[in-house]
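The values are calculated or read from the model by the stated rules, or taken from the named source; none is laboratory data. Just so we're clear, the structure is a prediction, and the values are computed from it rather than from any experiment. Here Cβ is always computed from backbone atoms with ideal geometry, including for glycine, and neighbour counts include all displayed protein chains.
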Amino acid sequence: LGPEQSGWDWFALQLDDGRDMMFYRLRHRDGRMDSFSRGVLVGRDGQARPLRWDEVNLQPLGEWVSPYSGDRYPAAWRLQLPSENLELTVTPKVADQEMRLTVRYWEGAVAVTGRAGDSQIQGQGYLEMTRYEPAASQR
């Protein structure tokens, strides 16, 4: 990571309409998405379309606090890809999937629900979130 970057969030999603999506968001210390964030959407036909950082909207939903480390992670995510009329909610299948190693991070299985145009969509996937720390008041 560069000195202005604070961590990353990495999504690998399989949708029940036959599409797959991978996207990683590099975070700045002030919460902005870094312009080096990238991804790919693989269509039902197997064609891969690169995704730029400014094509994907990510919004953390709620907060989960680790009972072990005190680190605060997003409890879920809203992921929007307007060019595909795709709006997804990504939710952990189990809240506590924190890896408590020398470097702590959260990685694990997620469920996907949402809309693709006018149709309901579901899926599953994997999410990795790094460098989330306790609030300054807890340090």
The stretch 63-87, residues that are free of Cβ contacts under 8 Å to residues at least 24 places away in the same chain and under 25 Å from L51 (Cα atoms): A75, A76, R78
Residue check for D30: among the acidic types (D, E), within 18 Å of Q124 (Cβ to Cβ) and more than 12 Å from the chain's Cα centre (by Cα): no
Of all residues making up the stretch 49-62, the number that are surrounded by 12 or more Cβ atoms within 10 Å (Cβ to Cβ) and without any contact (Cβ under 8 Å) to a residue 24 or more places away in the chain: 2
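For the structure I just gave you, tell me whether D118 is over 15 Å from L15 (Cβ atoms), surrounded by fewer than 18 Cβ atoms within 10 Å (Cβ to Cβ), among the charged types (D, E, K, R) and out of contact with any strand residue (DSSP E or B) (no Cβ under 8 Å at 6 or more places or on another chain).
yes
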Out of S83, S69, sole residue that is assigned to a helix (DSSP H, G or I) and among the polar types (S, T, N, Q): S83
Matching residues in the stretch 18-27 - criterion: being farther than 10 Å from S37 by Cβ and touching a strand residue (DSSP E or B) at 6+ places or on another chain (Cβ under 6 Å): D20, M21, M22
Pairs, first of a type in the set (A, V, I, L, M) in the stretch 93-106, second at pLDDT below 90 and not in a loop (DSSP other than H, G, I, E, B), C-beta under 8 Å, six or more apart: M99/Y105; M99/W106; V103/T130
